[in-house]
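Heads up: the structure comes next, in structure tokens.
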Amino acid sequence: MGSTSKKTFLPLDPVSFTDKLPDSTPYCPEPLEDILKDVNDCIIPGLTHWQSPNFFAYFQANASTAGFLGEMLCSGFNVVGFNWISSPAATELESLVLDWVGKLLKLPSSFLFSGTGGGVSHGSTCEAVVCVLAAARDKALERLGGWEHMTKLVVYASDQTHFTFQKAAKLVGIPPSNFRLIETSFSTGFSMSPEMTRLTIEDDVKSGLVPLFLCATIGTTPTGAVDPIVELGKVAMEFKLWLHIDAAYAGSACICAELRHYLDGVELANSISMNPHKWFLTNMDCCCLWIKEPNLLTDSLSSDPEYLRNKASKSKEVVDYKDWQIALSRRFRALKLWIVIRRHGLANLMYHIRSDIAMAKRFEAFVRKDERFEMVVPRKFALVCFRLKPKAEEEDEGRELNRKLVEAINSSGRAFMSHAVAGGIYVIRCAIGTTLTQQHHVDALWKLILTRFGRKALALRKRCGTEFVGDEDEILDDFIAAAEM
Ligand code: PLP
């Protein structure tokens, strides 16, 4: 999907989409050309093109040729390195590359194999969090004297924490009534308040509950907020909570010296995870998890069936990654990550992060310069959260107008954006980070927004007698010229 592609994101009618595909399973093998023709004619038009340079939604799933090669090799070898002997090189490479990335992030040696900890790759943050929650739960239950104490365990996160945290907590058996979502607000940039966390924990302790787990985020999904790790770490230590840092999105950025400070305090955490498949040029899927006490993970997740017993595992001198994850089977993801790092080098990985941030700054400048728009939260990484300023007469604080703007942009088929609600405010999210996005795509997006804004604003605001500033045709011409570049 190059820059010349005008309509990358065409909404499909679900009925006409399935109508085109054969509805019965074939008895005889079909020619590959027929299958690929259907892929071309029926599947590709129905894809949301995540690799398009005009994809600005969610957090990107960026990719690279190196990552693609890694995936191809991974699929081609198709080894299943669940324990060391099932593919020694897969396990050894994973341990090595997890230490590499850990060192790029300047994690303390207590998280690395070369120190006293270790790392593992998972398919997603959600799986990683399920595993560390299980480890924390089992450690706590052992201390408390057994499973009957399960209903006392309480977990803490902010109302901005990714919903997968609640899903993970539910999966390990934490009663939903024991989830505490600490409210965030505009005034703290939607970061988690250590003071409110402490007060909530104290209340729970007074009620006879047992604080178990605190999840802090570096780069929250709705607004890219950063929780204060040092202060939260102190609270976690005082009340003996397991502190996990979810750096799924912004962890990648911390390889840059000027952004590493966001991880200050990581030494106080028990575990940390980040997704190279978001912003580290690594094709789906890949989540890195580091843990200070891998034995807690393996105590909780290990299994020892007769059919997997072998001398190497018995020696305890090797890593059996099946005991660091939920499933038995596992992909050779480390190969992909290793190739990505070797092929790009730290220099190009940093360049990628910095250029995305520079483009986000440029977009932010467009927003700030236009008095009809405003930034909703300060930008930290490559996510810009903005909106059309609500007019006094708009009772819903501009929610409907902004929602319609996102809808209009997406239905144009020229770009794809998403939204969030933070502190009750509808926020348009512009996440910059697909590998192919260049400055002119960002400029074209802004022009598209103005065009769509112009149309919607004219339609919506004519009634209120509000004057529209700007010539719609002129803006449209500008946009078309930019898109044709
Ligand atoms: N945490 C954060 C901060 C995220 O932004 C996301 C997804 O965007 C997740 C967790 C969920 O990640 P996964 O799909 O790998 O479970």
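The values are calculated or read from the model by the stated rules, or taken from the named source; none is laboratory data. This structure is a prediction, so every number in the text was calculated from the model and none was measured. Positions of Cβ are generated from backbone atoms using ideal geometry, with glycine treated the same way; all protein chains shown enter the neighbour counts. Surface areas here come from the heavy atoms of the whole protein model, side chains and all, with no ligands, DNA or RNA. Shrake-Rupley method; radii C 1.70, N 1.55, O 1.52, S 1.80 Å.
Quick notes on this structure:
- A count restricted to the stretch 281-299 and to residues that are in contact (Cβ under 8 Å) with a residue 24 or more places away in the chain, open to solvent by 30 Å² or more (accessible area, probe 1.4 Å) and either in contact with a strand residue (DSSP E or B) (Cβ under 6 Å, 6 or more places away or on another chain) or not in a loop (DSSP other than H, G, I, E, B) (or both) stands at 2.
- Residues of the stretch 160-193 that are hydroxyl-bearing (Ser, Thr, Tyr) and open to solvent by 30 Å² or more (accessible area, probe 1.4 Å): SER177, SER185, SER187, THR188.
- Only residues that are assigned to a helix (DSSP H, G or I), within 10 Å of the ligand (Cβ to nearest atom) and among the hydrophobic types (A, V, I, L, M, F, W, C) were counted in the stretch 263-277, giving 0.
- In the stretch 407-434, of all residues being among the β-branched types (Val, Ile, Thr) and within 16 Å of the chain's Cα centre (by Cα), the one that is nearest to VAL384 (Cα to Cα) corresponds to ILE432.
- Candidate set from the stretch 194-206 (those that are without any contact (Cβ under 8 Å) to a residue 24 or more places away in the chain and of a type in the set (Asp, Glu)); member that is least open to solvent (accessible area, probe 1.4 Å): GLU202
- Close contacts from the stretch 220-245, counting a first residue that is in contact (Cβ under 8 Å) with a residue 12 or more places away in the chain and a second that is of a type in the set (A, V, I, L, M, F, W, C) and open to solvent by 20 Å² or more (accessible area, probe 1.4 Å), with Cβ to Cβ under 6 Å and a gap of 6+ residues or different chains, come to GLY233/LEU268.
- Residue count for the stretch 82-121, restricted to those that are farther than 13 Å from LEU337 by Cβ and in contact with a Pro (Cβ under 8 Å, 6 or more places away or on another chain): 3
- Scope the stretch 263-280; condition touching a residue at least 40 places away in the same chain (Cβ under 8 Å) and of a type in the set (A, V, I, L, M); matching residues: LEU263, VAL266, ALA269, ILE272, MET274
- Filtered by the rule that a residue be among the hydrophobic types (A, V, I, L, M, F, W, C) and surrounded by 16 or more Cβ atoms within 10 Å (Cβ to Cβ), the stretch 230-247 gives LEU232, VAL235, ALA236, PHE239, LEU241, TRP242, LEU243, ILE245, ALA247.
- Considering residues of the stretch 248-262 that are within 16 Å of the ligand (Cβ to nearest atom) and either closer than 13 Å to LYS103 by Cα or without any contact (Cβ under 8 Å) to a residue 12 or more places away in the chain (or both) only, the residue surrounded by the most Cβ atoms within 10 Å (Cβ to Cβ): SER252
- The residues of the stretch 263-280 that are charged (D, E, K, R) and surrounded by fewer than 24 Cβ atoms within 10 Å (Cβ to Cβ), listed by number, are ASP264, GLU267.
- Evaluated against (1) surrounded by 23 or more Cβ atoms within 10 Å (Cβ to Cβ); (2) assigned to a loop (DSSP other than H, G, I, E, B), LEU328 falls short on exactly one condition, (1).
- Residue identified as more than 25 Å from VAL318 (Cβ to Cβ), at pLDDT 95 or above and assigned by TED's automatic domain parsing to the domain that holds PHE186 among THR151, THR116, THR91: THR151
- Residues of the stretch 101-142 classified as within 16 Å of the ligand (Cβ to nearest atom), of a type in the set (A, V, I, L, M) and either open to solvent by 10 Å² or more (accessible area, probe 1.4 Å) or more than 21 Å from ALA250 (Cα to Cα) (or both), total: 3
- Of all residues in the stretch 308-323, those being surrounded by fewer than 10 Cβ atoms within 10 Å (Cβ to Cβ) and under 23 Å from CYS131 (Cβ atoms) number 2.
- Which numbered condition VAL210 fails, given (1) open to solvent by less than 30 Å² (accessible area, probe 1.4 Å); (2) under 21 Å from ASP264 (Cα atoms); (3) of a type in the set (Val, Ile, Thr); (4) in contact (Cβ under 8 Å) with a residue 60 or more places away in the chain: (2)
- Scanning the stretch 331-347 for residues that are closer than 18 Å to ALA90 by Cβ and open to solvent by less than 40 Å² (accessible area, probe 1.4 Å) gives PHE332, ARG333, ALA334, LEU335, LYS336, LEU337, ILE339, VAL340, ILE341.
- In the stretch 426-462, residue nearest to GLY251 (Cα to Cα) [restricted to those that are open to solvent by 30 Å² or more (accessible area, probe 1.4 Å) and at pLDDT below 95]: LYS447
- Residue match in the stretch 143-155 (condition: within 16 Å of the ligand (Cβ to nearest atom) and crowded, with 16+ Cβ neighbours inside 10 Å): yes
- Residue that is nearest to LEU107 (Cα to Cα) [pool: residues in the stretch 199-227 that are part of a loop (DSSP other than H, G, I, E, B) and away from the ligand (no atom under 16 Å from the Cβ)]: LEU209
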